[in-house]
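Down below is the structure, laid out as structure tokens.
The values are calculated or read from the model by the stated rules, or taken from the named source; none is laboratory data. Predicted model, so just to flag it, every value in this text is computed and none were measured. Here the Cβ positions follow ideal geometry from the backbone for every residue, glycine too, while neighbour counts run over all protein chains shown. Keep in mind that these areas ignore ligands, DNA and RNA; they rest on the heavy atoms of the full protein, side chains included. Shrake-Rupley method; radii C 1.70, N 1.55, O 1.52, S 1.80 Å.
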Amino acid sequence: MEIRRIAVGDRAWTVRIDGSQFRHTVVLLPDAGAPADVYDAVCARLNTSDLRTIVLESVEGLDPAGVYAILDELGVPWANLAGYGAGADLAWQLAARGFGRFMGLVAAGRGHPAAPGADGAVADASCPAVEIPTTVVATKNLARPAAEAAARHVYGEFRVAQVDVTDPAAEAAQEFATEIVLRSGQW
């Protein structure tokens with residue numbers, strides 16, 4: 001695994017890169033406060049499936065422009081997105097506003113920002129619809145009905161998968177990796 005520090009403005013971000021650079025790329029965005037190695041088990045499975053992985057060690061303070069700058073620095077013109085918790089929130093924003101830059105989305109534990117959550121609250125009513133194939137992973141933090149509510153904000157193939165865990169990257173790495181592989185496949 002290659003570890004790089006990439007400067008974006010006045011900040012530097014640590015990214016972990018593995019897998020063949022000649023294959024499809026998956027950008028993995030962790031939850032706030034997650035350990036740097038949270039995606040190691042997921043990446044091992046994705047690399048075995050011949051996918052290149054780019055893991056941002058933290059999403060705290062990162063915005064879509066920062067992610068675009070990191071991908072540009074790495075020479076990645078387009079990628080698939082996966083995230084959970086705060087990483088899924090950022091992934092939704094990237095997918096909604098980065099048309100042509102992202103091929104597929106797997107969001108665990110968070111529905112589309114414009115869809116009501118389990119408590120009925122809408123996180124970001126101004127967030128545009130996503131126009132790429134999307135999988136929402138329902139978890140203990142996101143009930144299936146709230147996950148399904150994201151469907152009206154996805155103008156592409158949409159599915160919901162369910163894992164009965166809080167942290168899919170750590171507690172259900174196999175299932176989370178499977179959803180990413182399925183969404184990343186160019187069938």
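Figures for the structure shown
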quantity: Test: residue in region 27-43 that is open to solvent by 10 Å² or more (accessible area, probe 1.4 Å), more than 22 Å from Glu171 (Cα to Cα) and more than 11 Å from the chain's Cα centre (by Cα); calculated: no
quantity: Matching option when the condition is assigned to a loop (DSSP other than H, G, I, E, B) and out of contact with any Lys or Arg (no Cβ under 9 Å at 6 or more places or on another chain), among Asp37, Asp31; calculated: Asp31
quantity: Looking only at region 137-187, and only at residues there that are of a type in the set (S, T, N, Q) and in a helix (DSSP H, G or I), the one that is surrounded by the fewest Cβ atoms within 10 Å (Cβ to Cβ); calculated: Gln174
quantity: Residue match in region 135-151 (condition: touching a Phe, Trp or Tyr at 6+ places or on another chain (Cβ under 8 Å) and more than 22 Å from Glu175 (Cβ to Cβ)); calculated: no
quantity: Residue match in region 41-58 (condition: farther than 22 Å from Ala95 by Cα, touching a residue at least 40 places away in the same chain (Cβ under 8 Å) and of a type in the set (Ser, Thr, Tyr)); calculated: yes
quantity: All positions within region 85-134 that are in contact (Cβ under 8 Å) with a residue 24 or more places away in the chain and of a type in the set (S, T, N, Q); calculated: Gln93, Thr134
quantity: Qualifying residue in region 125-136 (condition: open to solvent by 50 Å² or more (accessible area, probe 1.4 Å), in contact with a Lys or Arg (Cβ under 8 Å, 6 or more places away or on another chain) and β-branched (Val, Ile, Thr)); calculated: no
quantity: Region 68-84: number of residues that are part of a helix (DSSP H, G or I), open to solvent by 10 Å² or more (accessible area, probe 1.4 Å) and either in contact (Cβ under 8 Å) with a residue 12 or more places away in the chain or closer than 22 Å to Asp37 by Cβ (or both); calculated: 4
